[in-house]
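Written below as C-alpha cells is the structure these notes are about.
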Amino acid sequence: MSGSREFVRLDGGAVTLVFALETGGAADCVYLGARLPDGEDLAALAAATARGRHESQPDVPPVPGLLPERKAGWSGTPALELRRSGIPVETDLRLAFWRLKRGSLELIWRDPALALEVEQCWGIGGGDIVCVNSAVSHAADAGLILERTSSLALPVPARFTEVIGFSGRWAGEMHETRRAVAPDGFARRSAIGKPGFADGNWLILEDPATGEVLGAHLAWSGDHDTRIECDTQGLGDGRAILQMSAAAADGETAFGSPTQHWPPPAILAIAPDRSALAQAFHAHARTDVLPERATWGPRKVHLNSWEALGFNLSEEALTRLAEDAASLGIERFVLDDGWFGGRRDDRTSLGDWFVSPQVFPNGLGPLIDRVHQLGMDFGLWVEPEMVSPDSDLYRQHTDWCLHVDGATERPTMRGQLALDLSLAEVREYLTERLDALLRENAIAYLKWDHNRDLFPSRPGQTEGFYALLDALRAAHPKVEIESCSSGGGRIDFGVLSRCHRVWPSDNNDAIERLRIIPAWSQFLPLEVLGSHVGPSPNPITGRRLAMDFRAKVAMFGHMGVEADPARMTDKERATLAAHIALYKQWRGVLHSGALWRLAHPDPNVTGMMVTHMGRALALVAQTAFSPVFDAAPVRLAGLEPDARYRVTLPEPWPPRARHYLAAPDQWREGLVLSGTALMTQGLALPLTHPETAWLVVLERLPQ
Ligand code: DGJ
C-alpha cells in the first residue's frame, strides 16, 4: 500500500538534496544542486519538474528513483540483480521506513515475498561530498543468488547533458573522453579484478551551459560496473539514471543462510566548476578517507631505484645511489623490485619474500644503516598478491593461485600468477612474511605493487586484499604504504583509505605528467600523487626533456626522483637539487591548500595553482611551439580580489625562456598587484618555446 509523498532535504554548506519519499512506494531524489534557501516549498519544487503521462507509457509511469526495478515497466538495469536456478528474479521493493538522523537520511525498503531488505544511508561529509552507504539483508534461501547491487542509483538532473569519462592504458592513464549523455548513455566496466586503466569508477557529468559539474566515484578496488541509462523512450520519468556498482563477479552473494551484504560506498559531489569539484574531492579525501591524514608529517622527497638500477642490484651499487641521492636533498630511499629470492628479472620468484643472500650477503641491515646515516629513511617494494610459477612458494602450494579448476593451462601476465586472497592460509602466509620483514628491518615505507590482471577473478579477492592490508597496518601503524598497480591500475578511495599515496603512472615523462597529474588531481589531492623526475631520454616515451622542465613539473605532487644522479651532468644535478629545495619550501602549501585549474587560450599551456593561507604557488607549462611570439597572459585564480600580493618568479628560471623576460629584476623583487588584477588580466610569461615551465609565487601583503 503506498501512501502520500513526503519531502525531506539534506543540506551541506553549499549543496542541497531533496528527496520525495512515498512509504509503501518509491524513494526519489528530486533536487540536487546549489543550496536552497531555508523555507523552500519542497512540494512545489517537485511539482515544477513533474510531467504528465504520455502516449505509449505504462498506465502508472514508473519512478526508478533511488532503487530502480523493472516491476512497473522501467526498462533499464535494476539496482539489484538476483537469480534462482539461473533465472532472473525480479524484486518488488517498497519503501518501508525512513528517518533523518544526525544530518543523514536513512531509508529501508522491503520485499516481503523475497524476504529481502535494502538499506541506504545518504550523508553529506567533508567538502560537501555526498556519501551513499548501503546494505542488503536476507533470510536464508539456499537457491537465491544476489549477483549485483548498485551502490548508487541517481536520477541525473536534466541539465547535466555531457559525461566526461577517463580511459587509458598502461603508462597512459586518465585520458578524458567527453560525450553527450543522450541518447546512448555511458557504460564502463572492468573485469580484471581491479578498476584498471579505463577508469570508469571516476566520472564527471557537466552542464556545458554553465560549467557546473557533478563528480561520482565508487570507492572499491575490485571490478566495477558504471552505467548511465537514458530513458529516451519515456518508459520512466524521462531522466537518465546513473548507477555504480561492484561488478557481478565481485559482488555475488549466495543467501544460503541469513546474510547481510555491504556494497562498497559511492560518493557524489556537485560544484560550480572543475576547480571547485577538485577541492570538494580533496577535502573529502583529507578529512574522511586518508588514514589519520592530520598526523602526517611533510611528504618526504623519494629516490626510487627502479629507473636508476632496474634489476642490476648490489649492496655497492645501492649504497652509491643512496649517497648520490642524499647529496641532492633526498629524504627517503626506496629499494624497488629485485631484492628478494631469485628475482634477477621479472619472470621469477614473486612470493619468495626473503632477502636475497646473493644480492645482500649481510641482509638489508648494512644498506639501511647507511641510508639512515645519510639522513634518509628506507622504503621497500613488494608485490604480495602475486606468485611466479618459478618460485618456491608456487612449487609448495600450486593450488594457492587463482585458476580455473581442471584447466590444463594457467595463463601468466608479466610471467606471473595471482594468489587467491579469499583463502585464509594465503593471507596468513603473506602477513607472516611481510610482518617479519617489517620487524627485522627498519622499513618506513612499502611500495605495494600489483602487476597482473586477475583472471580468473573470484569473489572475496578484494575483501582479502583489504584484510591483508588492514592486518599489516594494525601491526605496523607507522609504516607508510603506496598503492601501485603498474602505475595507476588500482586507484580508488577504497585502497586510499588504507594508504598514504598512489603511483599515478609508470610514465615519468613530464609532458605526459602534465596531462596525468591534472586528471588524477581532479579527484585526489597532490600529497598522495607520487610525482618523480625521470631520466632523459625517458625510458617509456624516448623523449628528451631539460631537467628544469622535468623538475618543475614533478614539484606538483609528492615529489621524488626516479633516475640515476650519476648519469646527470653537474648542471642537471644542481638544477634538480634547487627544485628539491623549493619543493621543501612549498610542500606545506601544495599539500594542504586549494588546487585551482588555470585556463589558458593555448591548449598546449597547462596551469595549476595552489592557494593556502595567503600564499600561493602556480605552475605554468608550455609543451608545444607557440603559434604566437607573445603568449596570452596567464590569469590566476583563487585569490582574494581586494588583497594585494607580491608576485615573484622563483629561480632557477627556464634556461631559454629567461632571456625573454622584459625586466628580470622586477620578477626577482616582485610586483605588487591586487587579486582582481591577477585574476582578470594575469601575467605575461615567456611561453613561446616548447617544454618551458614557470613557477609563480604569490605572497599576500598585510592590509
Ligand atoms: C611496476 C611499477 O609500476 C614500477 O614502478 C616498478 O615498481 C615495477 N613494477 C617493478 O617491477
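The values are calculated or read from the model by the stated rules, or taken from the named source; none is laboratory data. None of these values were measured; they are calculated from a predicted model. No Cβ is skipped: glycine too gets one built from the backbone with ideal geometry, and neighbour counts run over all protein chains shown. Calculation scope for accessible area: heavy atoms of the full protein, side chains included, ligands and nucleic acids excluded. Shrake-Rupley method; radii C 1.70, N 1.55, O 1.52, S 1.80 Å.
So how many residues does segment 371-386 have that are within 16 Å of the ligand (Cβ to nearest atom), closer than 18 Å to Val301 by Cβ and of a type in the set (A, V, I, L, M)?
Qualifying residue count, segment 371-386: 1.
Does segment 189-207 contain any residue that is exposed (fewer than 15 other Cβ atoms within 10 Å of the Cβ), part of a loop (DSSP other than H, G, I, E, B) and polar (S, T, N, Q)? Steps first, please.
Here is the first cut: in segment 189-207, the residues exposed (fewer than 15 other Cβ atoms within 10 Å of the Cβ) are none.
Checking segment 189-207: not a single residue is exposed (fewer than 15 other Cβ atoms within 10 Å of the Cβ), part of a loop (DSSP other than H, G, I, E, B) and polar (S, T, N, Q).
So which residues in segment 680-703 are surrounded by fewer than 17 Cβ atoms within 10 Å (Cβ to Cβ) and over 17 Å from Leu545 (Cα atoms), if there are any at all?
Listed by number, the residues that qualify are Thr680, Gln681, Ala684, Glu699, Leu701, Pro702, Gln703.
When the residues of segment 305-343 are filtered to those that are among the charged types (D, E, K, R) and within 12 Å of the ligand (Cβ to nearest atom), which remaining residue is surrounded by the most Cβ atoms within 10 Å (Cβ to Cβ)? Break it down stepwise before answering.
First, the residues of segment 305-343 that are among the charged types (D, E, K, R): 307, 315-316, 320, 323-324, 331-332, 336-337, 343.
Right, trim to within 12 Å of the ligand (Cβ to nearest atom) and you get 307, 336-337, 343.
Numbers: Glu307: 20, Asp336: 21, Asp337: 21, Arg343: 23.
Filtering segment 305-343 for residues that are among the charged types (D, E, K, R) and within 12 Å of the ligand (Cβ to nearest atom), the one surrounded by the most Cβ atoms within 10 Å (Cβ to Cβ) comes out as Arg343.
Of everything in segment 435-483 that's touching a strand residue (DSSP E or B) at 6+ places or on another chain (Cβ under 7 Å) and β-branched (Val, Ile, Thr), which residue is farthest from the ligand (Cβ to nearest atom)?
Val479
Output the residues belonging to segment 626-664 that are farther than 19 Å from Ala693 by Cα and without any contact (Cβ under 8 Å) to a residue 40 or more places away in the chain.
If the condition is that a residue be farther than 19 Å from Ala693 by Cα and without any contact (Cβ under 8 Å) to a residue 40 or more places away in the chain, then Pro641, Asp642 are the ones that fit.
Filter segment 501-541 down to the residues that are within 16 Å of the ligand (Cβ to nearest atom), closer than 19 Å to Leu595 by Cα and in a loop (DSSP other than H, G, I, E, B) and list them by number.
Pro504
Evaluate segment 213-226: report whether one residue or more is surrounded by fewer than 20 Cβ atoms within 10 Å (Cβ to Cβ) and either at pLDDT below 95 or not small (Gly, Ala, Ser) (or both).
Looking for residues that are surrounded by fewer than 20 Cβ atoms within 10 Å (Cβ to Cβ) and either at pLDDT below 95 or not small (Gly, Ala, Ser) (or both), one finds none in segment 213-226, hence no.
Out of the residues in segment 365-375 that are open to solvent by 10 Å² or more (accessible area, probe 1.4 Å) and touching a residue at least 60 places away in the same chain (Cβ under 8 Å), state the one that is nearest to Arg439 (Cα to Cα).
By that ranking, first place goes to Gly365.
Restricting attention to segment 461-483, which residues are open to solvent by less than 20 Å² (accessible area, probe 1.4 Å) and under 27 Å from His261 (Cα atoms)?
Matches in segment 461-483: Gln461, Thr462, Gly464, Phe465, Leu468, Leu469, Leu472, Ser483.
All but one of (1) more than 23 Å from the chain's Cα centre (by Cα); (2) open to solvent by 10 Å² or more (accessible area, probe 1.4 Å) hold for Leu598; state the number of the condition that does not hold.
The number of the failed condition is (1).
Does segment 484-492 include one or more residues that are farther than 26 Å from Gly222 by Cα, within 16 Å of the ligand (Cβ to nearest atom) and open to solvent by less than 10 Å² (accessible area, probe 1.4 Å)?
Scanning segment 484-492, I find no residue that is farther than 26 Å from Gly222 by Cα, within 16 Å of the ligand (Cβ to nearest atom) and open to solvent by less than 10 Å² (accessible area, probe 1.4 Å), so the answer is no.
Collect the residues in segment 641-673 that are buried (at least 16 other Cβ atoms within 10 Å of the Cβ) and among the polar types (S, T, N, Q), keeping them in residue-number order.
Selection gives Thr648 alone.
Can you give me the number of residues within segment 658-687 that are part of a loop (DSSP other than H, G, I, E, B) and more than 21 Å from Ala554 (Cα to Cα)?
7
Under 6 Å between Cβ atoms, which residue pairs at least 6 apart in sequence (or on different chains) link something in segment 294-309 that is free of Cβ contacts under 8 Å to residues at least 60 places away in the same chain with a partner that is open to solvent by less than 50 Å² (accessible area, probe 1.4 Å) and within 16 Å of the ligand (Cβ to nearest atom)?
What qualifies is Ser305/Leu335; Ser305/Asp336.
Quick check on segment 566-579. Is at least one of its residues over 19 Å from Trp653 (Cβ atoms), more than 26 Å from the chain's Cα centre (by Cα) and in a helix (DSSP H, G or I)?
Within segment 566-579 (the criterion being over 19 Å from Trp653 (Cβ atoms), more than 26 Å from the chain's Cα centre (by Cα) and in a helix (DSSP H, G or I)), the answer is yes, since at least one residue qualifies.
For segment 440-460, indicate whether the set of residues that are under 19 Å from the mean Cα position of the chain (by Cα), farther than 25 Å from Ser305 by Cβ and either free of Cβ contacts under 8 Å to residues at least 12 places away in the same chain or open to solvent by 20 Å² or more (accessible area, probe 1.4 Å) (or both) is non-empty.
Yes, segment 440-460 contains a residue that is under 19 Å from the mean Cα position of the chain (by Cα), farther than 25 Å from Ser305 by Cβ and either free of Cβ contacts under 8 Å to residues at least 12 places away in the same chain or open to solvent by 20 Å² or more (accessible area, probe 1.4 Å) (or both).
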